[in-house]
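The values are calculated or read from the model by the stated rules, or taken from the named source; none is laboratory data. On a predicted model such as this, the values are computed, not experimentally measured, just so you know. Don't worry about glycine lacking a Cβ; one is built from the backbone with ideal geometry, like all the others, and counts go over all protein chains shown. Remember, those area values only see protein heavy atoms, side chains included, never the ligands or the DNA or RNA. Shrake-Rupley method; radii C 1.70, N 1.55, O 1.52, S 1.80 Å.
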Amino acid sequence: MKLLDLYAKLKKDINMIEKELERSIDVDHPVLREASLHLLKAGGKRIRPVFVLLGAKFGQYDLGRVKFVAVPLELIHMASLVHDDVIDDANTRRGQLTVRSKWDNRVAMYAGDYIFAKALSIVTQLPDPSIHRIMSNALVEMSIGEMEQIRFFFHTGQTVRDYMLRIKRKTALLLAISCQLGAIAAGAPEQTAKRLYDFGYYTGMAFQIRDDLLDLCGTEKEIGKPPGSDIKQGNITIPVIFALQNPQLRPALLEEISRIEACDGQTDITAFLNMIRRSEGISRAEAMASAYIDKAIRSLEGLPNIQAKKDLVSIAHFVGNRSY
């Protein structure tokens, strides 16, 4: 099944989540409302709400209940993007102006804080303390991940383990708990929720690795921002870490990275991109993403053979092969 077919099948429920998202950020303050709405209208794959909906299919599916997980998780993701764009000095995302670019950094930070707060207030509609604990713990870990990203800007001595832990916190964890909390909200068995968490985690790791590959190998049309945005911001990703392990390539790469840092990212990075694209860092990162997709699919073994399971496998294959 193609991803578009899956979204078409879930269209009614996704549309309801979309309306709830818009309703949730409605506020009397005009700037907060406009900034939040601008971010919402920029769109996105809504993969977190989809994971919540599919996770809930393994229990007693009730959209009226599950929405109190799906909406907050997408809001948390949205808020993290606003804060990311401030940290990265990003002017565009998905081909649209960022909140910080359209307004300023202060508006972006407060808009992000407001959206985070709304997420936490909405989830209180569900009385299950385990849901609140899982979501709040994820927020703590995400914050640590953001700080770790800043700490490792232009740090060419970071390890593969440093990178993996960072993307777990920044990306994979939210996808993991999307699957898990959908199942918990629907009263699915604990072991089912655990398997779904593992699926979301492995898929999330692959998702971020593919994202980092696209930043280096994609076109501006495909990714909605100039290629190489990560290195301009100081973010050294896994293909670069792998390329730096090549003793023949490392000196030239170190020189290029130092030059980019000295210019505060305001320089031509064609030479850097060409070096990375020709390096084994690309193929090694692609192999790592594929291995995570295989783990994701294997983690579903033992779950009931319902349509939702097949849909999750389809999403995993999409993530492993995506070009946008």
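Scanning the stretch 147-157 for residues that are open to solvent by less than 30 Å² (accessible area, probe 1.4 Å) and either part of a helix (DSSP H, G or I) or touching a strand residue (DSSP E or B) at 6+ places or on another chain (Cβ under 9 Å) (or both) gives a single hit, 149. For the stretch 183-193, the condition holds for at least one residue, the condition being that it is hydroxyl-bearing (Ser, Thr, Tyr), closer than 20 Å to residue 128 by Cα and modelled with pLDDT of 95 or more.
Might you let me know whether the stretch 66-87 holds any residue that is among the β-branched types (Val, Ile, Thr), at pLDDT 90 or above, more than 20 Å from residue 225 (Cβ to Cβ) and more than 16 Å from the chain's Cα centre (by Cα)? Scanning the stretch 66-87, I find at least one residue that is among the β-branched types (Val, Ile, Thr), at pLDDT 90 or above, more than 20 Å from residue 225 (Cβ to Cβ) and more than 16 Å from the chain's Cα centre (by Cα), so the answer is yes.
So, in the stretch 1-60, how many residues would count as being closer than 21 Å to residue 99 by Cβ and either of a type in the set (Lys, Arg) or free of Cβ contacts under 8 Å to residues at least 12 places away in the same chain (or both)? Summing the residues that are closer than 21 Å to residue 99 by Cβ and either of a type in the set (Lys, Arg) or free of Cβ contacts under 8 Å to residues at least 12 places away in the same chain (or both) in the stretch 1-60 gives 11.
Residues checked against (1) over 25 Å from residue 299 (Cβ atoms); (2) buried (at least 16 other Cβ atoms within 10 Å of the Cβ):
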| position | (1), (2) |
| --- | --- |
| 5 | no, no |
| 66 | no, yes |
| 70 | no, yes |
| 75 | yes, yes |
| 82 | yes, yes |
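When residues in the stretch 7-21 are screened for being more than 19 Å from the chain's Cα centre (by Cα) and either open to solvent by 80 Å² or more (accessible area, probe 1.4 Å) or of a type in the set (Phe, Trp, Tyr) (or both), 4 of them pass. Exactly one residue among 172, 176 is closer than 30 Å to residue 256 by Cβ, open to solvent by less than 20 Å² (accessible area, probe 1.4 Å), modelled with pLDDT of 90 or more and of a type outside the set (Ser, Thr, Tyr), and that residue is 172. Suppose the filter is over 23 Å from residue 85 (Cα atoms), among the acidic types (Asp, Glu) and open to solvent by 20 Å² or more (accessible area, probe 1.4 Å); does residue 280 pass it? For residue 280, the condition - over 23 Å from residue 85 (Cα atoms), among the acidic types (Asp, Glu) and open to solvent by 20 Å² or more (accessible area, probe 1.4 Å) - is met. Scanning the stretch 179-213 for residues that are polar (S, T, N, Q) and open to solvent by 20 Å² or more (accessible area, probe 1.4 Å) returns 180, 191, 208. Tallying residues that are in contact (Cβ under 8 Å) with a residue 60 or more places away in the chain, outside any loop (DSSP other than H, G, I, E, B) and under 20 Å from residue 208 (Cα atoms) within the stretch 74-131 yields 9. If you check residue 127 against the conditions, is it in contact with a strand residue (DSSP E or B) (Cβ under 9 Å, 6 or more places away or on another chain) and modelled with pLDDT under 95? In short, no. If I ask for residues that are assigned to a loop (DSSP other than H, G, I, E, B), aliphatic (A, V, I, L, M) and under 11 Å from residue 231 (Cβ atoms), which ones from the stretch 248-275 would you list? The answer is 269, and nothing else.
If you go through the stretch 41-73 and pick out every residue that is among the basic types (Lys, Arg) and more than 19 Å from residue 123 (Cβ to Cβ), you end up with 3. Per this entry, residue 301 is not counted among residues that are assigned to a helix (DSSP H, G or I), open to solvent by 20 Å² or more (accessible area, probe 1.4 Å) and of a type in the set (Asp, Glu). Restricting attention to the stretch 237-266, the residues that are in contact (Cβ under 8 Å) with a residue 12 or more places away in the chain and open to solvent by less than 60 Å² (accessible area, probe 1.4 Å) total 17. All told, residue 290 meets the bar of being over 30 Å from residue 186 (Cα atoms), open to solvent by 50 Å² or more (accessible area, probe 1.4 Å), under 25 Å from the mean Cα position of the chain (by Cα) and in contact (Cβ under 8 Å) with a residue 24 or more places away in the chain. For the stretch 201-218, filtering for residues that are under 18 Å from residue 279 (Cα atoms) and either over 17 Å from the mean Cα position of the chain (by Cα) or not basic (Lys, Arg) (or both) leaves 9. No other residue among 256, 280 is among the acidic types (Asp, Glu) and either in contact with a Cys (Cβ under 9 Å, 6 or more places away or on another chain) or closer than 19 Å to residue 154 by Cβ (or both) apart from 256.
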